[in-house]
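**Q** Here it is, the structure in full.
The values are calculated or read from the model by the stated rules, or taken from the named source; none is laboratory data. Fair warning: this is a prediction, and the values are worked out from it, not measured in the lab. Positions of Cβ are generated from backbone atoms using ideal geometry, with glycine treated the same way; all protein chains shown enter the neighbour counts.
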Amino acid sequence: MKIVNLSQRTPEWLTWRRQGVTASEAAVILNRSPYQTPWRLWAEKTGLCAPADLSANPFVQRGIALEDQARQGFEQRHDTLLLPVCAESTAYPVLRGSFDGLTEAGEPVELKVPGQKTWDAVAREGETSLAFGLYWVQVQFQLAITEAAQGWLVFDPVRPNVRALEFVIARDAAFIKGELIPACLQFHEAVRKQQEPTPDSERDCYVPEGEARAAWERLATQYRDADTRAARLETELKGLKAQMAEAQGGLVALMGDFLLADQVGLRILRYQQRGTLDYAAVLGAIVPDLDPQLLEPHRRPASERVRVTLKCDDTEPAPAEPDKPRRRRRNASAQASAPTADDSAVSVTETTLEPEPIGYF
C-alpha cells in the first residue's frame with residue numbers, strides 16, 4: 001500500500017480519484033449497485049455525461065457532518081486510533097481508496113451514517129441487507145489495497161441510545177483476485193481507451209448519435225414549442241371553464257325548485273346520480289384477510305407509460321440520486337402505443353422520488 005498525501009474532498013483529491021478506480025465504484029463496476037450502472041459510471045468518467053451533484057443531498061450532508069463523531073465512537077469502543085488516509089495499491093496504482101480510518105493494526109474501517117430506513121434494514125436483515133452487500137464489496141476493495149486480513153463495516157446513526165452496528169469483514173482472497181481486481185482493471189482500461197461498455201436499456205439513458213441526434217433535436221424542439229402553446233391554451237381554457245361554472249351556478253339558482261329549463265338556447269336538467277362503489281373498501285370489509293395474489297389473475301393487461309419532463313436547459317441530465325427528486329418545470333404527457341390486448345395507453349404526470357441513499361463517498 002502506498003499512502004498518498006491528500007486531504008479528502010479537496011479539488012486535488014477529486015482529480016486523483018477521477019484518474020483511477022475507487023472503492024465506492026467497485027460495486028457499480030461489478031453491476032451490483034441498484035443506483036448506477038457500469039455504463040453510466042464510464043460515461044461520467046469519460047465526460048459523456050455529467051455526474052450527479054449530491055452536494056445538496058441531506059443524507060450526504062449529514063454523513064459528512066457526522067463522520068468525525070462516528071470515527072470517535074469507534075475509537076472509544078475499541079480503544080484505538082483511526083487514521084483517515086488516501087492510499088493506492090502497490091501492485092495496481094490505479095486502485096485507490098479514501099479510508100475513513102485505518103486502525104493501529106492497519107485494518108480499514110468503513111463508516112456509514114445511515115438514514116433511519118437503512119439502519120432499520122441492516123438491523124433487521126444483517127448481512128443479507130442491500131446496504132451490507134454493497135459495502136462488503138467496498139471493504140474488500142480496501143482490503144485489496146491494504147492487504148490486511150480483515151476490515152470493519154460500521155453503520156452508526158450517531159444518535160443517543162442507538163448502538164452502532166459493526167461487522168468484521170474477512171478478506172476474501174478468491175473474490176479479490178478472481179473477480180474484483182480484474183473487473184476494476186478492465187473498467188479502467190475501458191475508460192482510458194474510450195471503449196464504451198454495453199448500456200442497460202432499462203436503466204441507462206439513451207444517447208442519440210449521428211442522424212438520430214439531429215432527429216432528436218428536431219422532435220424535441222417541436223415538442224417544447226407545442227407544450228408552450230398548450231400551456232397558454234390550458235390557461236385560457238381554465239378561465240373559460242370558470243366563467244361557465246359561474247354562469248351555471250347562477251342559472252340553477254334562478255330555477256329554484258324546477259328540475260328542467262329550456263330557454264335562450266340552453267337546456268338545463270337537474271338530477272341525482274348514485275355514487276360509485278369503492279371496491280377496495282368492499283373487499284376489505286367482506287374479505288379482510290384476502291391474499292392480494294388471488295386478485296392478480298383478474299388484473300387487466302399492463303399498458304406502457306411515457307413521462308416527458310421539460311427541462312430549463314438543454315444539458316444532458318444526470319440520473320436522479322436517492323432521495324433527490326428531479327426538478328420539474330412542467331410535466332407534459334405523450335400518448336404511446338402499449339403492447340396490450342386493448343391497445344390502451346396511459347399518460348403519467350406524477351413526480352417520483354428515488355430510494356433513500358445508503359452511504360456517501
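**Q** List every residue pair whose Cβ atoms sit under 8 Å apart, with the two residues 6 or more apart in sequence or on different chains, where the first one lies in the stretch 13-31 and is under 12 Å from residue 98 (Cα atoms) and the second, anywhere, is surrounded by 20 or more Cβ atoms within 10 Å (Cβ to Cβ) and of a type in the set (Val, Ile, Thr).
**A** Close Cβ pairs satisfying both conditions: 21/29; 23/139; 23/145.
**Q** Under 8 Å between Cβ atoms, at least 6 apart or on separate chains: pull out the pairs that start in the stretch 275-304 with a residue that is touching a residue at least 12 places away in the same chain (Cβ under 8 Å) and end on any residue that is exposed (fewer than 10 other Cβ atoms within 10 Å of the Cβ) and of a type in the set (A, V, I, L, M, F, W, C).
**A** As it stands, the answer is 301/341, since those pairs meet every condition given.
A quick yes/no check of all residues on (1) modelled with pLDDT of 95 or more; (2) β-branched (Val, Ile, Thr):
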{"residue": "180", "(1), (2)": "yes, no"}
{"residue": "187", "(1), (2)": "yes, no"}
{"residue": "268", "(1), (2)": "yes, yes"}
{"residue": "271", "(1), (2)": "no, no"}
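**Q** Somewhere in the stretch 234-248, is a residue touching a residue at least 60 places away in the same chain (Cβ under 8 Å) and in a helix (DSSP H, G or I)?
**A** The answer is no, given that none of the residues of the stretch 234-248 is touching a residue at least 60 places away in the same chain (Cβ under 8 Å) and in a helix (DSSP H, G or I).
**Q** Give the stretch 296-316 a look and list any residue that's surrounded by 10 or more Cβ atoms within 10 Å (Cβ to Cβ), assigned to a loop (DSSP other than H, G, I, E, B), of a type outside the set (A, V, I, L, M) and modelled with pLDDT of 85 or more, or say none.
**A** If the condition is that a residue be surrounded by 10 or more Cβ atoms within 10 Å (Cβ to Cβ), assigned to a loop (DSSP other than H, G, I, E, B), of a type outside the set (A, V, I, L, M) and modelled with pLDDT of 85 or more, then 301, 303, 304 are the ones that fit.
**Q** Which of the residues that make up the stretch 36-53 are assigned to a loop (DSSP other than H, G, I, E, B) and surrounded by 20 or more Cβ atoms within 10 Å (Cβ to Cβ)?
**A** Those that are assigned to a loop (DSSP other than H, G, I, E, B) and surrounded by 20 or more Cβ atoms within 10 Å (Cβ to Cβ): 36, 37, 49.
**Q** Would you please name the residue that is farthest from the chain's Cα centre (by Cα), looking only at residues in the stretch 92-149 that are more than 22 Å from residue 59 (Cβ to Cβ) and charged (D, E, K, R)?
**A** 104
**Q** Now for a different question. So which of 203, 224 ends up being in contact (Cβ under 8 Å) with a residue 24 or more places away in the chain, basic (Lys, Arg) and in contact with a strand residue (DSSP E or B) (Cβ under 9 Å, 6 or more places away or on another chain)?
**A** 224 is the lone residue from the list that is in contact (Cβ under 8 Å) with a residue 24 or more places away in the chain, basic (Lys, Arg) and in contact with a strand residue (DSSP E or B) (Cβ under 9 Å, 6 or more places away or on another chain).
**Q** To continue, here is another question. List the strands (runs of 3 or more DSSP E) that sit entirely inside the stretch 105-187 and contain at least 3 residues that are surrounded by fewer than 23 Cβ atoms within 10 Å (Cβ to Cβ) and of a type in the set (A, V, I, L, M).
**A** 165-170
**Q** How many residues does the stretch 86-122 hold that are over 19 Å from residue 137 (Cα atoms) and either touching a residue at least 60 places away in the same chain (Cβ under 8 Å) or in contact with a strand residue (DSSP E or B) (Cβ under 7 Å, 6 or more places away or on another chain) (or both)?
**A** Residues flagged as over 19 Å from residue 137 (Cα atoms) and either touching a residue at least 60 places away in the same chain (Cβ under 8 Å) or in contact with a strand residue (DSSP E or B) (Cβ under 7 Å, 6 or more places away or on another chain) (or both) within the stretch 86-122 amount to 4.
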